[in-house]
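Asker: Take a look at this one; I'll ask things after.
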Amino acid sequence: MKRILITGGAGFLGSHLSKKLLDNGHEVLCADNLFTGRRQNIAPLLDHPNFEFIRHDITNPLYVEVDEIYNLASPASPIHYQFDPVQTTKTSVLGAINMLGLAKRLKIKILQASTSEVYGDPAVHPQPESYWGNVNPIGPRACYDEGKRCAETLFFDYYRQHNLKIKVMRIFNTYGPHMQANDGRVVSNFIMQALHNESITIYGDGSQTRSFCYVDDLIEGMYALMNTGDHVTGPINIGNPGEFTMLELAETIIELTNSKSKITFKPLPIDDPKLRRPDISKAREVLNWEPKVQLREGLEKTIDYFQSQLAKEVKLVPLKVG
Ligand code: NAD
Ligand code: UDP
Ligand code: UDP
């Protein structure tokens, strides 16, 4: 049994990871400032004898005694990370320094939740880990993209300079239960709009692509990376290589929800990547991991979740964007 720190543990991915680690018999210390995370995500875990929550902002130092760290703290949706861009960069950079300092003092392994956004608007498709990316350093997405890139730099410098055991995971678009209905991400927006029979808002002409990974697959990949030999540092892509245009995604969601929604087109946000698909050869080979859940199956589960939230009369109003 290990005592494991998860930063951002009350968020979408963090709450699923917390549950998995508890189910595997570990103790979980969840540190979260609840900026985008919610108590509701971890409510079923609060009574668990091996689960502990502390409200903490990782831009401040943290002195605790643990055996392993998953560093997930950071807003992830463009609306959230652009809300307070300076804090977004601080969370990635100062947060990484503090968590790496903690790992260094305790001589423990630390995993970083990096992102496919380090590839920016990619000129190489699909994206292998060896691709250095195409990021605008001064645009509205830079606080997130460059913050995450700098965090990767810090991880590799602590590895080289201090022999720290590191794991860097590049997460591609992930969806599933515990996503916030109003986080502005495409899957939550389209499902909420479809369930309300409101217009489905496609930004641009809908020809841009994304590859969507169901949360259970993603968490399996994260766990596999943490628990594969220390020589496997990453960076390693974890995502589902199935690639869809936003138009295809909208049509699938309309069909699966039997919605009367019509599609409307809105301006494309600045620096919106045109294509995104992970090359997961490395994850297949090194982690023996690949995703199992196909898009339609994952969407059905996610639609069920949002429907159950609506039935509980949780206030779910999509944010107006663009
Ligand atoms: P989320 O917003 O649901 O969760 C992030 C959590 O971090 C929230 O609980 C939030 O309150 C917390 N947080 C933010 N700033 C913090 C701070 N300064 N101190 C402490 N806690 C803080 O997002 P998510 O989708 O669960 O993403 C988790 C991680 O995975 C993030 O690092 C994100 O960049 C990365 N990631 C996610 C995706 C995806 O598609 N979901 C894709 C790529 C990368
Ligand atoms: N730190 C922390 N918890 C610890 C140890 C360190 O939060 O248990 C933070 C502390 O703020 C420190 C940072 O991690 O500044 C980086 O630590 P490191 O040892 O790399 O550098 P230094 O202490 O020399 O600044
Ligand atoms: N998008 C869209 N309509 C929406 C929300 C998003 O067409 O209501 C598009 C967005 O412009 C982008 C894609 O869907 O091209 C994925 O957006 P998301 O914010 O989910 O993730 P990211 O851009 O960070 O991959």
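The values are calculated or read from the model by the stated rules, or taken from the named source; none is laboratory data. What you see is a predicted model; the values in this text were computed from it and never measured. Here the Cβ positions follow ideal geometry from the backbone for every residue, glycine too, while neighbour counts run over all protein chains shown. For the accessible areas, the whole protein counts, side chains as well, though only heavy atoms, and no ligand, DNA or RNA atoms are used. Shrake-Rupley method; radii C 1.70, N 1.55, O 1.52, S 1.80 Å.
Asker: Which of the residues that make up segment 62-91 are farther than 19 Å from Cys30 by Cβ and open to solvent by less than 10 Å² (accessible area, probe 1.4 Å)?
Answerer: Listed by number, the residues that qualify are Ser77, Tyr81, Thr88.
Asker: Oh, and also: Just to be sure before I move on: is Pro269 more than 22 Å from Lys19 (Cβ to Cβ), in contact with a Phe, Trp or Tyr (Cβ under 7 Å, 6 or more places away or on another chain), open to solvent by 20 Å² or more (accessible area, probe 1.4 Å) and not small (Gly, Ala, Ser) in the structure I sent? Steps first, please.
Answerer: On the way: more than 22 Å from Lys19 (Cβ to Cβ): yes; in contact with a Phe, Trp or Tyr (Cβ under 7 Å, 6 or more places away or on another chain): yes; open to solvent by 20 Å² or more (accessible area, probe 1.4 Å): yes; not small (Gly, Ala, Ser): yes.
Here the answer is yes, as Pro269 does meet what is asked.
Asker: Within the bounds of segment 65-72, is there any residue that is assigned to a helix (DSSP H, G or I), touching a residue at least 12 places away in the same chain (Cβ under 8 Å) and not hydrophobic (A, V, I, L, M, F, W, C)? Walk me through how you get there before you give the answer.
Answerer: Step one: filter segment 65-72 for residues assigned to a helix (DSSP H, G or I), giving none.
No, there is no match, as no residue in segment 65-72 is assigned to a helix (DSSP H, G or I), touching a residue at least 12 places away in the same chain (Cβ under 8 Å) and not hydrophobic (A, V, I, L, M, F, W, C).
Asker: Then there is this: Read through the list (1) farther than 20 Å from Asp216 by Cβ; (2) of a type outside the set (Gly, Ala, Ser); (3) under 21 Å from the mean Cα position of the chain (by Cα), then give the number of the only condition that Asn60 fails.
Answerer: (3)
Asker: Does Leu29 satisfy being aliphatic (A, V, I, L, M), in a helix (DSSP H, G or I) and closer than 21 Å to Val168 by Cα? Steps first, answer last, please.
Answerer: Details: aliphatic (A, V, I, L, M): yes; in a helix (DSSP H, G or I): no; closer than 21 Å to Val168 by Cα: yes.
Criteria not met by Leu29.
Asker: Still on this structure: Of the residues in segment 160-182, how many are open to solvent by 20 Å² or more (accessible area, probe 1.4 Å), over 25 Å from Pro241 (Cα atoms) and modelled with pLDDT of 95 or more?
Answerer: So the answer is 5.
Asker: Against the definition (closer than 19 Å to Arg170 by Cβ, touching a residue at least 24 places away in the same chain (Cβ under 8 Å), open to solvent by less than 10 Å² (accessible area, probe 1.4 Å) and among the small types (Gly, Ala, Ser)), how does Ser211 come out, yes or no? Walk me through how you get there before you give the answer.
Answerer: Numbers: closer than 19 Å to Arg170 by Cβ: yes; touching a residue at least 24 places away in the same chain (Cβ under 8 Å): yes; open to solvent by less than 10 Å² (accessible area, probe 1.4 Å): yes; among the small types (Gly, Ala, Ser): yes.
Yes; evaluated as a whole, the condition is true for this residue.
Asker: Turning to a different aspect of this structure: For residues in segment 45-61 being loosely packed, with under 15 Cβ neighbours inside 10 Å and outside any loop (DSSP other than H, G, I, E, B), which is farthest from ligand 3 (Cβ to nearest atom)?
Answerer: Selected residue: Ile54.
Asker: Restricting to segment 183-208, count the residues that are among the hydroxyl-bearing types (Ser, Thr, Tyr) and either crowded, with 17+ Cβ neighbours inside 10 Å or under 15 Å from Phe306 (Cα atoms) (or both). Can you show your working first?
Answerer: Restricting attention to segment 183-208, the residues satisfying the condition of being among the hydroxyl-bearing types (Ser, Thr, Tyr) are 188, 199, 201, 203, 207.
Adding the requirement that they be either crowded, with 17+ Cβ neighbours inside 10 Å or under 15 Å from Phe306 (Cα atoms) (or both) leaves 188, 201, 203.
Qualifying residue count, segment 183-208: 3.
Asker: Consider Phe265 carefully, then state whether it is closer than 25 Å to Tyr203 by Cα, away from ligand 2 (no atom under 16 Å from the Cβ), of a type in the set (Phe, Trp, Tyr) and not in a helix (DSSP H, G or I).
Answerer: So Phe265 fits the description; yes.
Asker: Of the residues that sit in segment 272-282 and are open to solvent by 60 Å² or more (accessible area, probe 1.4 Å) and part of a loop (DSSP other than H, G, I, E, B), which one is nearest to Lys167 (Cα to Cα)?
Answerer: Arg277
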